Amino acid sequence: MGWFLSGTLIGPAVGPFVGGIIVTFKSWRVIFYLQTALAGAALIGAYFLLPETAHRMKSDDLVGLPFNAKAKALWGMSNPWRVVRLYKYPNLIVVALASSSLVWNMYSLLTPIRYVLNPRFNLTTPIQSGLFYLAPGCGYILGTFFGGRYADYITVSWTTKRNGVRVPEDRLRSAIPFMGIAIPTCMLIYGWSIEKRFGGIALPVIMMFCQGVAQLFCFPSLNTYCLDVMQAHSAEVIAGNYMIRYWFAALGSATVLPAVEKIGVGWFSTISAGFLVGSALAAVTAVMWGRGWREAIDRKRRAKRAKMVEGEAAKATPVVVNSGKEKDMV
């Protein structure tokens, strides 16, 4: 999970640096040629290097079905409501909120770098501001190698304390200190050091690097938890989590520049830090009561399913009609 996430996190950090080099020395159109080449390389690599590993294909369910039945089955597989419906589980809402706070922080940090740091340090070219993106990018790379392992370590430790009883919510414990303390602290120091002009270039660079490392101590834990508690619906739960987190990514990217111009980078960073602390507290509630939430919803689902089965059985039960001395089966 860490290696997979590193690609999605390193890209937004390294990409602007490469883009800064391109627009400084070449036309901005070269960026799109590069993106096209990268997309082509990814497509070819995925085709040849990522074979299907599912032990059973969903297409097997369609074999021998009439057209109407196939259409109904395909709609059931692709219906987006399957993704939204899982949010009847409060613990999934909490994890989606936590992921959203991290992505909000990430994009609201990366989006305005050129507009915030260039005036602060009197930089004049895109390549100069692009260098700042390397700080969080290197943090993401370093965190990739340790975040997932740390989450596994915490999970195994708590399982041992319970004499071998494993609870999926234990995995969230590894993310809480980083999401509730480390990243908010980095954001506060970063924002106010720029706002109040102290610490020079080194301080915001160090804070961006540290929060990048901390992010990768959170994402593997949150994503793997979703898979742990919804193994039968792994694709849907991850899709739903990404849907919500990137709503917040879009919102953060769209609002950060107007907000910074209005209230300043210090106060905007404070808002981001508060969002992270609130999400960490919500994750604490999931650790404490998430198991009970899941079991309560599952009981309701089983009771509803049992009621439906009883209703169908009642419809299929033969009705005996007395006609004089004879009994006719209808």
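The values are calculated or read from the model by the stated rules, or taken from the named source; none is laboratory data. As the structure is a computational prediction, the values presented were derived from the model and not from experiment. Cβ coordinates were reconstructed from backbone atoms using ideal geometry, including for glycine residues, and neighbour counts include every protein chain displayed. Surface accessibility is based on the protein's heavy atoms, side chains included, excluding ligands, DNA and RNA. Shrake-Rupley method; radii C 1.70, N 1.55, O 1.52, S 1.80 Å.
Taking each residue of segment 103-114 that is at pLDDT 85 or above and looking for partners that are open to solvent by 10 Å² or more (accessible area, probe 1.4 Å) and among the small types (Gly, Ala, Ser) with beta-carbon atoms closer than 9 Å, six or more apart or interchain, yields 107/250; 107/253; 108/253; 108/259.
Annotation: residue 156 fulfils all but one of (1) β-branched (Val, Ile, Thr); (2) under 23 Å from residue 230 (Cβ atoms); (3) modelled with pLDDT under 90; (4) open to solvent by 70 Å² or more (accessible area, probe 1.4 Å); the unmet one is (3). Among residues of segment 13-34 that are of a type in the set (Phe, Trp, Tyr), those with a beta-carbon under 9 Å from a residue that is open to solvent by 40 Å² or more (accessible area, probe 1.4 Å) at least six positions away or on a different chain give the pairs 17/127; 17/131; 17/134; 25/127. Among the residues that make up segment 241-250, is at least one of them touching a Leu at 6+ places or on another chain (Cβ under 7 Å), touching a residue at least 12 places away in the same chain (Cβ under 8 Å) and either open to solvent by less than 10 Å² (accessible area, probe 1.4 Å) or over 26 Å from residue 159 (Cα atoms) (or both)? No, that holds for no residue. The one condition from (1) touching a residue at least 60 places away in the same chain (Cβ under 8 Å); (2) part of a helix (DSSP H, G or I); (3) surrounded by fewer than 20 Cβ atoms within 10 Å (Cβ to Cβ) that residue 197 does not meet is (2).
Do the conditions hold for residue 209, that is, is it at pLDDT 90 or above and not in a helix (DSSP H, G or I)? So residue 209 does not fit the description; no.
Does residue 211 satisfy the condition of being under 19 Å from residue 148 (Cβ atoms), in contact with a Pro (Cβ under 8 Å, 6 or more places away or on another chain) and of a type outside the set (A, V, I, L, M, F, W, C)?
For residue 211, the condition - under 19 Å from residue 148 (Cβ atoms), in contact with a Pro (Cβ under 8 Å, 6 or more places away or on another chain) and of a type outside the set (A, V, I, L, M, F, W, C) - is met.
Just one of the listed residues (155, 159, 124, 224) is under 24 Å from residue 98 (Cβ atoms), without any contact (Cβ under 8 Å) to a residue 12 or more places away in the chain and either outside any helix (DSSP H, G or I) or not charged (D, E, K, R) (or both), namely 159.
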